[in-house]
Amino acid sequence: MREKDIIESLQKDIVIPDIVQTKADQIFQKIRKENGTAITMQTGNRKWKTAWIAAAAAILALGTTVCAAVYEYGIRGLETEFLMTSEQKQILEEKGYMTPIVEETGRRDGVTCQGVTITPMQMIVDKRFAWISFQVKGFAPEEGKEPGVYGRKITVDDDEDAAIQSYGGFYDGLRYTGDGFVREDGAPAYDAEGNLLPKYVDEEGCMEYIIEIVGTSYEKGLLGASLHVELEGLGSMDKVEYIPAVEGVWAFDLELKGSDAVRKIVLDTSLGESGATLKYAEISPISVYVLGDFPLQKEETESENGKGETILNETFVHAPDFVGLKMKDGSLLTYIINGGTVGYPDSEKEVYRWAYSITPAVDPEDVDALLFQKSIPQTNARGTYECREEDLYIVPLE
């Protein structure tokens with residue numbers, strides 16, 4: 001499949017991939033412990049712990065009650081999650097990516113159940129990714145525990161089989177800066193032993209639950225789609241154990257509003273001796289989408305079984321990981337991935353796709369180059385990995 005075919009395939013969107021792997025988790029496993037505390041991130045640089053997602057399947061189902069809608073104001077917003085400056089926020093709003101979820105009456109539509117009100121507040125959407133924030137009022141986790149949702153159901157366009165992924169978690173008030181975590185409220189982010197001090201509940205007694213939807217394989221695209229969200233049960237996490245606190249279902253029907261404006265770049269750049277050649281890229285303020293030539297390759301690796309015998313395993317060769325952006329001011333934005341897919345988007349297994357949401361938000365016109373991993377970087381004085389230009393394939397966009 002050549003350049004023209006790649007672009008035509010892009011315009012039609014792409015079938016569900018045979019090989020889809022979220023490489024972001026692997027990238028972030030390379031981040032070392034800082035001050036004795038593991039940096040835990042889910043499919044990117046979010047600080048949400050992952051234990052509660054797996055734990056939900058291991059406990060008994062809760063009784064559920066769907067409750068009536070009410071209205072409420074107030075939001076912490078996605079601005080902190082995206083590290084937005086006032087200029088970036090203005091760009092997202094003016095170009096239509098970021099939309100408050102407000103009815104014509106000017107009031108936000110929430111759902112109250114068992115004394116807890118959950119209100120959809122804001123969305124940030126392009127054609128492949130969507131972020132939605134919900135205010136949670138009337139519930140707080142046990143002291144020292146992480147809040148959790150028992151179950152989350154996402155349906156797009158009433159299609160139970162829609163090819164989407166979703167992630168969710170409560171915002172913890174922490175922001176990773178590259179030099180460690182800082183608290184949004186200015187309080188210390190670490191205790192004397194170097195343990196993180198998250199703050200889930202704000203001064204008004206509210207929390208924020210954030211959902212990301214990955215629709216890179218959804219042929220219709222996310223823009224304008226009808227979204228049904230059900231959040232079931234609220235509780236807290238103690239390591240891998242979910243502790244239920246409030247039973248019920250909070251259900252919402254929303255329209256995904258955003259922008260499909262992207263910066264489009266035709267490329268013909270090889271990634272060193274990896275065998276991958278980049279052909280096309282699209283950059284929005286919240287995502288990066290890249291297609292390249294990388295015919296499927298298989299390789300054999302050796303491992304040892306439980307009897308001490310050497311066995312051969314057949315695996316697939318992966319193209320270099322996308323790791324970030326180089327901006328026109330010379331700065332490198334690395335470890336910015338927040339979910340997505342990588343691999344072969346069709347049965348021909350010749351075109352390779354990298355499709356990721358990113359934070360912080362960027363102005364696509366300020367992006368100078370794409371960054372791909374050439375070699376694993378050395379650890380710095382803080383014991384964390386820090387990408388340098390010599391560790392990267394730098395792909396100029398002009």
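Multiply the residue gap between residue 228 and residue 310 by 0.36 nm, knock off their C-alpha separation, and tell me the result in nm, one decimal place. Please report the intermediate quantities before stating the final value.
Numbers: separation 82, 0.36 × 82 = 29.52 nm, distance 5.00 nm.
Taking 0.36 nm per residue and subtracting the Cα distance, the gain is 24.5 nm.
Quick one: accessible surface of residue 236, probe radius 1.4 Å, all protein chains present, in square angstrom to the nearest 10.
Looks like 0 Å² after rounding.
Starting from 0.36 nm per residue, how many nanometres of slack lie between residue 86 and residue 177 once their C-alpha separation is accounted for?
31.0 nm
Kindly provide the chymotrypsin sites (Phe, Trp or Tyr not before Pro) of the stretch 108-208 that DSSP labels as loop, not H, G, I, E or B, and whose Cβ sees at most 14 other Cβ atoms within 10 Å.
Working: sites: 129, 131, 134, 139, 150, 167, 170, 171, 176, 181, 190, 200; in loops: 139, 171, 200.
The qualifying sites: there are none.
Testing the spin-label approximation: label points 7 Å from Cα along Cα→Cβ at residue 273 and residue 93. State their distance in nm.
5.3 nm
Could you list the GluC sites (Glu not before Pro) in the stretch 152-241 that lie in coil according to DSSP, counting only those with at most 13 other Cβ atoms within 10 Å of their Cβ?
In loop regions of the stretch 152-241 (DSSP not H, G, I, E or B), the sparsely surrounded GluC sites (Glu not before Pro) are 160, 193, 203, 204, 219.
Can you pull out the GluC sites (Glu not before Pro) in the stretch 274-356 that DSSP calls coil and that have at most 11 other Cβ atoms within 10 Å? Mind dumping the intermediate values first?
Numbers: sites: 282, 299, 300, 302, 304, 309, 314, 348, 350; in loops: 309, 348, 350.
Filter output for the stretch 274-356: 309.
Ordered by residue, what ³J(HN,Hα) values in Hz, to whole numbers, does the stretch 262-271 give under the Karplus form 6.51 cos²θ - 1.76 cosθ + 1.60, where θ = phi - 60° and Gly and Pro are x?
Whole-Hz 3J(HN,Hα) from phi for the stretch 262-271: 9, 8, 9, 9, 8, 10, 7, 10, 7, 8.
In sequence order, what are the phi-derived ³J(HN,Hα) couplings for the stretch 370-377 according to the Karplus relation 6.51 cos²θ - 1.76 cosθ + 1.60 with θ = phi - 60°, rounded to whole Hz, with x for glycine and proline?
8, 10, 10, 6, 9, 8, 6, x
Provide the FRET efficiency to the nearest 0.05 for the residue 300-residue 378 pair, computing r from the beta carbons and using R0 = 25 Å.
On the way: r = 30 Å, r/R0 = 1.18.
In this case the efficiency is close to 0.25.
Suppose R0 equals 56 Å; then what is the FRET efficiency for residue 185 and residue 158 from their Cβ-Cβ distance, rounded to the nearest 0.05?
Numbers: r = 41 Å, r/R0 = 0.73.
FRET efficiency, residue 185 to residue 158: 0.85.
From the mean inverse distance of alpha carbon pairs (Kirkwood) and the Cα radius of gyration, derive Rg over Rh for the stretch 168-306. Mind dumping the intermediate values first?
Details: Rg = 22.1 Å, Rh = 20.6 Å.
Here Rg/Rh amounts to 1.07.
Report residue 128's accessible area, 1.4 Å probe, all protein chains in place, as a number in Å² to the nearest 10.
Rounded to the nearest 10, the figure is 10 Å².
Determine the gain in length on full extension of the stretch residue 317-residue 142; use 0.36 nm per residue of separation and subtract their C-alpha separation, reporting nm with one decimal. All intermediate terms of the calculation are to be shown ahead of the outcome.
Values: separation 175, 0.36 × 175 = 63.00 nm, distance 4.55 nm.
Between residue 317 and residue 142, full extension yields 58.5 nm more.
Give the residues of the stretch 287-316 whose amide nitrogen is closer than 13 Å to a point set 7 Å from the Cα of residue 350 in the direction of its Cβ.
292-296
Quick one: the Cα spread of the stretch 92-212 along its three principal axes, in angstroms, biggest first?
If we take the Cα atoms of the stretch 92-212, the spans are 49, 37, 32 Å.
Tell me the Kirkwood hydrodynamic radius of the stretch 272-398 in angstroms, computed as one over the mean inverse distance between distinct C-alpha pairs. Before the final figure, lay out the partial values.
Numbers: mean 1/r = 0.0615 Å⁻¹.
Evaluated over the stretch 272-398, this radius sits at 16.3 Å.
The values are calculated or read from the model by the stated rules, or taken from the named source; none is laboratory data. Every value quoted in this text rests on a predicted model; they were computed, and no experiment measured them. Every residue, glycine as well, gets a Cβ built from its backbone with ideal geometry; the counts of neighbours run over all protein chains shown. Please note that ligands, DNA and RNA were not included when accessible areas were found on the heavy atoms of the full protein model with its side chains. Shrake-Rupley method; radii C 1.70, N 1.55, O 1.52, S 1.80 Å.
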